[in-house]
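Participant: Have a look at the structure that comes next, please.
The values are calculated or read from the model by the stated rules, or taken from the named source; none is laboratory data. Computed from a prediction, not measured in an experiment: that's the story for all the values here. Note: ideal-geometry Cβ built from the backbone for every residue, glycine included; neighbour counts use all protein chains shown. Just so you know, the surface numbers come from the protein's heavy atoms only, side chains and all, with ligands and any DNA or RNA stripped out. Shrake-Rupley method; radii C 1.70, N 1.55, O 1.52, S 1.80 Å.
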Amino acid sequence: MNTLIAIIGLGVLCLLFEIFDARKAIVPIVVIGLLAILGLDISEINESPVAYYNNMIVVGKYSSAFSALFIILTLFLVILGQKFYENRPSKFSDFIAIKLFLLAGAVAMVSFGNLAMFFLGIEVLSIALYVLASSNRTSIKSNEAGLKYFLMGSFASGIILFGICLIYGAMGSFDIAEISELSHSAELPIWFPIGIVLVFIGMLFKIAAVPFHFWAPDVYEGSPALTTALMSTLAKVVAIATLYKLVKTMNADISPAFQLVIVIVSIASMTVGNIMALRQINVKRMLAFSGISHAGFMLMTLLSTEKSSGTLLYYTSAYALAGIAAFTVILYVCKTRENEDINNFHGLGKNNPLMAAILTASLLSMAGIPIFGGFFAKLFLFTQTIQAGFIALVIVAVINSIISVGYYFKLILAMYTKEPNEAKIPTPTLYYIVAVVAIILNIALGFFPSIVLDLI
């Protein structure tokens, strides 16, 4: 709870700096503040679950561990924002404050003990994303992305809210603990499983899983690159962590029928995402379909029980850190260009070997190649899924991992086998710092997985 209050306070402070025309101090203060909040959050990880405000918020190992990941990702995004928004100084404090309030919504989504707080967290996060997606007012693509995301996101939120209403009608409570206890009774009203299904459908939209993925490629491509980085990493991790908590707390004993649905959605997401990614020439659209594929992998954690929350935290950490590093290079390469097509990356290995190496490492991690965190994330995930008895699903997942190498290597080959399109452009120091730190953390996860796996 202290973490959530501190994040909101930091967001308000950020807006006050605008009033006093102290924009230059915003990033240093926010970075220091987020580091302090990270320390505060980590200090609460080993504590027993504590409920606040009539169980509206419950802080435990799960919420604290994922909140720490959210804070780290936001820290990277804020640092990148200083250079990305340099041509819009009058709006700089607004963009940073929106990211902080988005972080507050993210923390609320994994800390809820009540469905009302769960929905409030979703709306805080979603509204911030709608604004950021359409924040480039001079770009038709950004306007289209914002409108499309707003309409589709609002529709999904309505489905979630309707599902919550049905759950309340069946159980007479919004409290997760009460709902979980009552769900084991002999006779349940038909409204309860219908409500669960509707909430599940709405959350599948939020993680861009098939068949609720159609918005992702267009929104990712049209949004400003930094917003796309936020959607691909922070927003997706928040959504899957929240979905996991919902499923595990409200329906701890997953029925065979529900397991079958998860398996089908997982296979469809992995397969459709990878096959469609093979056809893309725009890097942001390629990573959008890659994210759809990874959503399918992450859904596999819902099928196993033993330490699956630690595996999910590990997988999301490895995926998000690789994504931050990759998008940092994309920001560097495409900032002065009209699109993010692969031909913009031709000859990057000659023009900027370090940035090319970082992007290569990020893509290899996403593909699941040793020695990166992505390889061990898939290894732990596949091992647990086999132990749960879903061998066929793991075989499909391995095949999809092999397919993904095709489009990742298409970009890698463009960097090292093609001639540069133009002379080398200077690289902002902040981009170097973020990219290097993110990929080092990703590699460190591979060497020291227990640091993350044992948090929950």
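Residues checked against (1) within 29 Å of Ala68 (Cβ to Cβ); (2) in a helix (DSSP H, G or I); (3) in contact with a helix residue (DSSP H, G or I) (Cβ under 7 Å, 6 or more places away or on another chain):
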site	(1), (2), (3)
Tyr408	yes, yes, yes
Leu411	no, yes, yes
Tyr416	no, yes, yes
Glu419	no, no, no
Ile425	no, no, no
Asn442	yes, yes, yes
Leu445	yes, yes, yes
Ile456	yes, no, yes
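Participant: Now for a separate question. Being in contact with a Phe, Trp or Tyr (Cβ under 7 Å, 6 or more places away or on another chain) and either assigned to a helix (DSSP H, G or I) or hydroxyl-bearing (Ser, Thr, Tyr) (or both) narrows it down to one residue among Thr305, Thr316, Thr328, Thr360; which is it? Before the answer, list the steps.
Facilitator: Details: Thr305 fails: in contact with a Phe, Trp or Tyr (Cβ under 7 Å, 6 or more places away or on another chain); Thr316 fails: in contact with a Phe, Trp or Tyr (Cβ under 7 Å, 6 or more places away or on another chain); Thr360 fails: in contact with a Phe, Trp or Tyr (Cβ under 7 Å, 6 or more places away or on another chain).
Criteria check complete, one pass: Thr328.
Participant: Okay, moving on. Applying the selection to segment 391-422, what residues are within 14 Å of Phe297 (Cα to Cα) and either touching a Gly at 6+ places or on another chain (Cβ under 7 Å) or modelled with pLDDT under 90 (or both)?
Facilitator: Matches in segment 391-422: Ser401 only.
Participant: Which residues, taken from segment 347-375, are surrounded by 22 or more Cβ atoms within 10 Å (Cβ to Cβ) and more than 15 Å from Phe409 (Cα to Cα)?
Facilitator: Hits for segment 347-375 are Asn352, Met355, Phe372, Gly373, Gly374.
Participant: What's the total number of residues in segment 165-196 that are small (Gly, Ala, Ser), surrounded by 16 or more Cβ atoms within 10 Å (Cβ to Cβ) and touching a Phe, Trp or Tyr at 6+ places or on another chain (Cβ under 6 Å)?
Facilitator: 1
Participant: Out of segment 25-42, which residues are out of contact with any helix residue (DSSP H, G or I) (no Cβ under 9 Å at 6 or more places or on another chain) and open to solvent by 50 Å² or more (accessible area, probe 1.4 Å)?
Facilitator: The answer is Pro28, Ile32.
Participant: If you don't mind, there's one more thing I want to ask. Has segment 126-147 got any residue that is over 23 Å from Ile207 (Cβ atoms) and either of a type in the set (Asp, Glu) or buried (at least 23 other Cβ atoms within 10 Å of the Cβ) (or both)?
Facilitator: no
Participant: Another question about this same structure. Here is a check on your reading of the model: is Glu86 over 30 Å from Ser180 (Cβ atoms), not in a helix (DSSP H, G or I) and not hydroxyl-bearing (Ser, Thr, Tyr)? Give the derivation first.
Facilitator: On the way: over 30 Å from Ser180 (Cβ atoms): yes; not in a helix (DSSP H, G or I): yes; not hydroxyl-bearing (Ser, Thr, Tyr): yes.
Against the criterion (over 30 Å from Ser180 (Cβ atoms), not in a helix (DSSP H, G or I) and not hydroxyl-bearing (Ser, Thr, Tyr)), Glu86 qualifies.
Participant: Which is open to solvent by 30 Å² or more (accessible area, probe 1.4 Å), among the aromatic types (Phe, Trp, Tyr), at pLDDT 90 or above and on the phi < 0 side of the Ramachandran plot, of Phe162, Phe200, Phe205?
Facilitator: The match here is Phe162.
Participant: Which residues, counting only those in segment 423-447, are farther than 27 Å from Gln82 by Cα and modelled with pLDDT under 90?
Facilitator: Selection gives Gly446, Phe447.
Participant: Considering every residue within segment 241-263, establish whether at least one is within 19 Å of Val394 (Cβ to Cβ) and open to solvent by less than 10 Å² (accessible area, probe 1.4 Å).
Facilitator: yes
Participant: Related question: Just one of (1) at pLDDT below 90; (2) under 18 Å from Ala116 (Cα atoms); (3) part of a helix (DSSP H, G or I) trips up Ser173, so point out which.
Facilitator: The number of the failed condition is (3).
Participant: Right, something else. Do you know which residues across segment 380-402 are of a type in the set (Ser, Thr, Tyr) and surrounded by fewer than 19 Cβ atoms within 10 Å (Cβ to Cβ)? Show your work before the answer.
Facilitator: Going residue by residue through segment 380-402, those that are of a type in the set (Ser, Thr, Tyr) are 383, 385, 401.
Thr383, the sole residue that qualifies.
Participant: Tell me, please, whether a residue that is under 21 Å from Leu198 (Cβ atoms), open to solvent by 40 Å² or more (accessible area, probe 1.4 Å) and in a helix (DSSP H, G or I) can be found in segment 230-238.
Facilitator: Within segment 230-238, none of the residues are under 21 Å from Leu198 (Cβ atoms), open to solvent by 40 Å² or more (accessible area, probe 1.4 Å) and in a helix (DSSP H, G or I).
Participant: Moving on to the next point. Within segment 106-124, take every residue that is closer than 19 Å to Glu44 by Cβ and in a helix (DSSP H, G or I) and give me the one that is farthest from the chain's Cα centre (by Cα).
Facilitator: The extreme case among them is Met117.
Participant: Next up: Quick check on segment 290-312: of everything there that is more than 17 Å from Leu393 (Cα to Cα) and open to solvent by 10 Å² or more (accessible area, probe 1.4 Å), which residue is modelled with the highest pLDDT?
Facilitator: Out of the qualifying residues, it is Ser309.
Participant: What do you reckon, is Lys335 open to solvent by 10 Å² or more (accessible area, probe 1.4 Å), modelled with pLDDT under 90 and closer than 26 Å to Phe205 by Cα?
Facilitator: The answer is no for Lys335.
Participant: While we're looking at this one, here's another question. Consider Leu430 against the criteria (1) farther than 24 Å from Tyr315 by Cα; (2) open to solvent by 60 Å² or more (accessible area, probe 1.4 Å): it satisfies all of them except one. Which criterion is unmet?
Facilitator: The number of the failed condition is (2).
Participant: Still on this model: Being over 22 Å from Ile240 (Cα atoms) and assigned to a helix (DSSP H, G or I) is the filter here, so list the residues in segment 125-144 that pass it.
Facilitator: Ile140, Lys141, Ser142, Asn143, Glu144
Participant: Next question. Return only the number of the condition from (1) more than 26 Å from Val452 (Cβ to Cβ); (2) within 23 Å of the chain's Cα centre (by Cα); (3) open to solvent by 50 Å² or more (accessible area, probe 1.4 Å) that Thr417 does not satisfy.
Facilitator: All conditions are met except number (2).
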